[in-house]
Amino acid sequence: GTLLQVSGITQRFGGLVALDDVSLTVQRGTVHAVIGPNGSGKTTLLNVLSGAYRPQAGSVQLLGHELMGRRPSAIAVAGLSRTFQNIRLYKSMTVLDNVMVGGACRTRGGLWGILFGSKKRRQEEDTLRAEARQALAFVGLADLAERPAASLAYAQQRLLEIARALATKPQLLLLDEPAAGMNPQEAALLMQTIRRLRDRGITVIFVEHNVKLVMGVSDRVTVLDFGRKIAEGKPSEVQQSPAVIAAYLGRARAEASHA
Ligand code: ADP
Ligand code: MG
């Protein structure tokens with residue numbers, strides 16, 4: 001069935017229309033890729049879904065509940081978690097603590113309660129730590145739990161962000177260019193991890209500008225260009241769409257002529 005129903009989203013910044021009447025439906029238990037050239041509105045879409053931006057029009061429903069107008073923290077509790085295009089970690093904290101911060105949004109005392117709390121809070125903390133270790137094991141970082149986040153290689157930091165998002169026990173996980181900066185081997189491993197997330201019942205929306213990378217892993221692909229949806233379908237369908245080919249070629253030519 002349908003997990004996420006996005007209808008008629010329009011997001012403007014001054015005179016710029018970053019998203020123009022964008023609608024899409026995401027089925028539960030699928031991997032849904034959002035692709036498009038740079039500046040096409042992919043990150044803006046994730047920012048709308050996670051509540052960071054308030055679009056001028058449209059609606060976002062998770063299992064029939066309206067998310068629009070709710071704060072990002074409330075949306076996270078409703079089951080939507082995300083990672084960022086620019087890695088956002090607490091660099092001096094350990095890998096494990098970074099993941100525990102992710103899980104803390106679900107506890108009664110929150111992060112404050114965990115840091116300064118009572119016995120009950122400490123039991124909550126033990127549970128949180130065990131779950132954080134599971135999330136780290138899932139992305140293959142269990143052995144690095146006690147290291148400072150800053151000491152991790154770039155690809156590992158991206159995996160750590162995913163582990164932190166997982167610790168919130170999301171129904172829907174949004175990943176913004178998770179493979180950015182990775183070499184082909186690391187990216188291939190990441191795609192496997194995305195498939196394993198789906199196998200665990202987590203629905204994944206991930207943003208990527210490299211068309212080839214999404215082909216093996218996505219059940220469905222939505223293509224944006226200049227804030228508009230120009231194609232949608234199975235990866236093989238989208239790859240052959242003239243509109244998609246033109247959008248990518250057009251941007252590539254424009255970038256080449258500026259270089
Ligand atoms: P993508 O992630 O596909 O590369 P973005 O969603 O980041 O593209 O950006 C789409 C367009 O919206 C770009 O022109 C960008 O400059 C603009 N934009 C995004 N966020 C903001 C903002 N907070 N303020 C002004 N313009 C923005
Ligand atoms: Mg982006």
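The values are calculated or read from the model by the stated rules, or taken from the named source; none is laboratory data. Values in this document were obtained by computation on a predicted structure and should not be read as measured data. No Cβ is skipped: glycine too gets one built from the backbone with ideal geometry, and neighbour counts run over all protein chains shown. With ligands, DNA and RNA removed, areas are computed over all heavy atoms of the protein, side chains included. Shrake-Rupley method; radii C 1.70, N 1.55, O 1.52, S 1.80 Å.
Details
- Fluctuation leader among Gln156, Gln123, Gln192 - the chain, Gaussian network, Cα springs under 10 angstrom: Gln123
- Helix 242-258 and the longest principal axis of the C-alpha atoms of the chain enclose an angle of approximately 80°.
- Contact order for the chain, expressed relative to its length and based on alpha carbon pairs under 8 Å spaced 6+ residues apart, stands at 26 percent.
- Simple label model, 7 Å out from Cα along Cβ direction - Gln185 to Lys234, nm: 3.3
- Were the residues from Arg196 through Ser241 laid out at 0.36 nm apart, the gain over their Cα-Cα distance would be 13.4 nm.
- In Å, descending, principal axis extents of the Cα set of the chain: 60, 39, 35
- J(HN,Hα) series, the range 72-83, from Karplus relation 6.51 cos²θ - 1.76 cosθ + 1.60, nearest Hz, glycine and proline x: x, 5, 5, 5, 4, 5, 5, x, 10, 10, 8, 10
- 0 to 90° range, to nearest 10: angle between helix 154-166 axis and the chain longest Cα axis: 70
- Computed E for Asp219/Ser118 - FRET, C-beta separation, R0 30 angstrom, nearest 0.05: 0.10
- Loop-resident sites, the range 158-218, for trypsin sites (Lys or Arg not before Pro), counting at most 15 other Cβ within 10 Å (DSSP): Arg200
- Sites Lys169 and Asn210, calculated FRET efficiency, Cβ-Cβ separation with R0 30 Å, nearest 0.05: 0.55
- Projecting the Cα atoms of Ala165, Ala18, Thr83 onto the charge dipole of the chain (Cβ charges, centred on the Cα centre) puts Ala165 farthest toward the positive pole.
- Residue-normalised accessible area of the range 152-195, given per residue in Å² at a 1.4 Å probe: 33
- Per residue, the convex hull volume that the Cα atoms of the range 39-100 enclose (Å³): 104
- Our estimate of slack between Ala52 and Ser151, defined as 0.36 nm per intervening residue step minus the Cα-Cα distance, is 32.7 nm.
- Dipole-positive endmost among Gly69, Ala33, Ala153 within the chain (Cβ charges, Cα centre): Gly69
- Sulfur and carbon atoms: percent of accessible area, the range 91-250 [1.4 Å]: 54
- In a fully extended conformation the segment linking Ser23 and Asn86 would gain 20.1 nm over its present Cα-Cα distance, using 0.36 nm per residue.
- Restricting attention to the chain, close to 55% of DSSP beta bridges with both partner residues there are antiparallel.
- With both labels modelled 7 Å from their Cα along Cα-to-Cβ, the Ser59 to Gln5 distance reads 0.7 nm.
- Judged by the mean number of other Cβ atoms found within 10 Å, the most tightly packed of the peptides 217-228, 174-185 leads the ranking 217-228, 174-185.
- If R0 equals 51 Å, the separation of the Cβ atoms of Glu255 and Asp143 corresponds to a calculated FRET efficiency of about 0.80.
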